[in-house]
Every structure is written in structure tokens, then in C-alpha cells.
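The values are calculated or read from the model by the stated rules, or taken from the named source; none is laboratory data. This is a predicted model, so every value here is computed, not measured. Note that we place each Cβ from the backbone using ideal geometry, even for glycine, and neighbour counts take in every protein chain shown. Calculation scope for accessible area: heavy atoms of the full protein, side chains included, ligands and nucleic acids excluded. Shrake-Rupley method; radii C 1.70, N 1.55, O 1.52, S 1.80 Å.
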Amino acid sequence: MAVIIKSQREIELMRESCRILAQVHRQLGEAIKPGISTWDIDALGEKLIRSYGCIPNFLNYNGYPASVCVSVNDEVVHGIPSKERILQEGDIVSLDAGLIYKGYHSDAARTYPVGQVSQEAEKLITVTKQSFFEGIKYARAGCHLYDISNAIDRYCSQFGYGIVRDLVGHGVGTCLHEEPQIPNFRQWRRGIKLRPGMTLAIEPMINMGGYPVEWLEDGWTVVTQDGSLSAHYENTVLITEGAPEILTLMPE
Ligand code: MF3
Ligand code: CO
């Protein structure tokens, strides 16, 4: 039940798993344009993951039917890829993907504009990404877990955005979901102390409107209750003695 501290060997394997995922994400990002179906994005993601000799960890996870979660506009997360869902100019699309390399899981998400999008949509994407960076200022040994949650909340709230409460970040390692759970909204305690060797998937999910979400009939797709746009940004992060290592981010 405790938070796992990874050994040096495990950290190396996490680094490689995440480095590969960063490359998969870069290539997926380059494929985002009007006219592509969410099915094609998933097919490309699976092909890329397997081309690196890795296994897509989302595929068949609790019955999830694809390798990449593709969530469009008011879809928050876990959108199911479909041949009928064609990206249109002005949409925003969140891609969540993960893989297993030598038994070690990585997990990351990005939100992209499709062609030209509204200024409001652009801002939601930027603020969501920035909120991750505000959060990880506290992802250091000596800080506490919910310092991260509180920093994300503080940053997003000033824009009037809704911070999703029903879904949280998580530890990641030999399982996709390990302890601890990492909320993105204000907590009244500081939570556990962070220690070097923890690997955490920190993933703010931010709505332009209210925070409430609901599940579609397919049992997976999470949408905003008020129909407002939603963005998602996630990286797998290593806690060290100093600044956190963002394992799923490639130098730009
Ligand atoms: N990245 C998601 C998470 O952090 C995983 C998607 S769940 C799946 O929980 F079933 F789609 F794999
Ligand atoms: Co995750």
C-alpha cells in the first residue's frame, strides 16, 4: 500500500520507457491535422509503440479497446478512437498514451489545436500545460504531495477554469497505476512527503467551464457536464534530491 521508491536500475528502465514515449508523442503530434480520424491516430500510436519493441499499456486495460485515448473538445479523457470521428479545423484534441518497456510503464498526455482554433481554446491549452509546470515546482524531496495539487489549483483557478476532481494523477512503475493518487485540486492537508526515487504521473485535466464531468454510455469517454472544452497535459516525473526529472519530455 506504500509509495514505491525505485532503485537506480529501475530508474534507468523508467527513463528509457519514458524517452520512447516522448518520441511516440512527438510523432503523434506531427500527425494532428484536419481530416485525420481518431482511429488513425490510435493506429499510428500502436504502430509506433510496437516499432520500438514496446507494449501499449492502455490496450485492454480494464477492457479499454485502444492504445491511445483520443479526446476531442468537451471530451476530457478516455475518448475511444473511431473511424467516424474526423478531426475538424478548430477542434482541440487530447492524446493520452503509454507503453511498457522491459516491464516498466510510462504515461503522458498532450492537447493539440487542430489547425486554427479560437483564442479561448488556445489559452485553455496553454494554461493547462503551464499548470503542470507550476505543480512540479513542488515535485521535490522535502515538499509534500499535495503541495503539487495546491499549486495546480492556485494557478488554474485565477483563470476561472474548472479543475476536474473525479480523475487524478498517480504513481507509475511496474504498474500503470501505483500509489499515490495525485489530485489536481486544493487539498486541506499536505499529504505524504516526497522522496527521491518516486515516479509520478502528474496530469491536470482542466475545463473551460465547471469542474463536473460525466461518463458517456460507452463506459469510458469522460465529458464535461456543461459541454465546455477540456484540456489534459501529463508527464511521468522522477523525484530527485534536486529539480524533478520530467522523463516523458524531450528537449525541444
Ligand atoms: N493515462 C490514463 C491514466 O492516467 C490511462 C488511461 S486508462 C486506459 O489513467 F484504460 F485508457 F488505459
Ligand atoms: Co495517467
>> Quick check on my link table: of 83/123; 47/193; 6/137, which ones sit more than 31 Å apart, alpha carbon to alpha carbon?
In response: 47/193
> How much net charge surrounds residue 207 when only other residues with a Cβ under 9 Å from its Cβ are counted (Lys, Arg +1; Asp, Glu -1)?
Replying inline: -2
> Any idea how far the Cα center of region 217-248 sits from the one of region 164-201, in Å?
Replying inline: 11
> Can you give the alpha-carbon Rg of region 174-252 over 2.2 N^0.38 Å, where N counts its residues?
Replying inline: 1.34
> In sequence order, what are the phi-derived ³J(HN,Hα) couplings for region 44-52 according to the Karplus relation 6.51 cos²θ - 1.76 cosθ + 1.60 with θ = phi - 60°, rounded to whole Hz, with x for glycine and proline?
Replying inline: 5, x, 5, 4, 5, 4, 5, 5, 8
>> Quick check: Cα centre of region 136-160 to Cα centre of region 1-58, how many Å?
In response: 26
>> Calculate the FRET efficiency for residue 26 and residue 158 from the Cβ-Cβ distance with a Förster distance of 35 Å, rounded to the nearest 0.05.
In response: 0.70
> Per Stokes-Einstein, at 10 °C and 1.306 mPa s, what whole-number D in µm² s⁻¹ belongs to region 83-190, with the Kirkwood radius over Cα pairs as the hydrodynamic radius?
Replying inline: 102
> Ranked by accessible surface with a 1.4 Å probe, highest first, in what order do 178, 122, 234 come?
Replying inline: 122, 178, 234
> How large is ³J(HN,Hα) for each residue in region 75-89, as worked out from phi by the Karplus curve 6.51 cos²θ - 1.76 cosθ + 1.60 (θ = phi - 60°), to whole Hz, x for Gly and Pro?
Replying inline: 7, 7, 8, 6, x, 9, x, 8, 5, 7, 8, 9, 5, 10, 3
> In sequence order, what are the phi-derived ³J(HN,Hα) couplings for region 152-162 according to the Karplus relation 6.51 cos²θ - 1.76 cosθ + 1.60 with θ = phi - 60°, rounded to whole Hz, with x for glycine and proline?
Replying inline: 5, 4, 4, 5, 6, 4, 5, 9, x, 7, x
>> Place a point 7 Å from the Cα of residue 177 along the Cα-to-Cβ direction; which residues of region 199-223 have their backbone N under 12 Å from it?
In response: none
>> Between residue 166 and residue 9, what's the calculated FRET efficiency when r is the beta-carbon distance and R0 is 30 Å? Round to 0.05.
In response: 0.25
> What full-extension length gain, to one decimal in nm, is calculated for residue 240 and residue 190 as 0.36 nm per residue of separation minus the Cα-Cα distance?
Replying inline: 16.1 nm
> If we sort 4-15, 31-42 on the protection proxy, mean other Cβ atoms within 10 Å, highest first, what's the order?
Replying inline: 31-42, 4-15
> Rounded, prolate or oblate: which one fits the chain, using the alpha carbon gyration tensor with axes a ≥ b ≥ c (rounded when a/c is under 1.5, else prolate when a/b beats b/c, else oblate)?
Replying inline: oblate
> Can you give the helix-only mean residue ellipticity at 222 nm for the chain, where every DSSP H stretch with n ≥ 4 adds -39500 (n - 2.57) and the sum goes over all residues, rounded to the nearest 500 deg cm²/dmol?
Replying inline: -9000 deg cm²/dmol
>> Is there a quick way to get the dipole size of region 8-246? I mean about its Cα centre, with the Cβ of Lys and Arg at +1 and of Asp and Glu at -1; what is the value in debye to the nearest 20?
In response: 840
> Once the dipole of region 124-185 is set up with Lys and Arg at +1 and Asp and Glu at -1 on Cβ about the Cα centre, which of 175, 158, 135 lies farthest towards its positive end?
Replying inline: 158
>> Computing the accessible area with a 1.4 Å probe over protein heavy atoms, can you report the carbon and sulfur percentage for region 101-163?
In response: 48
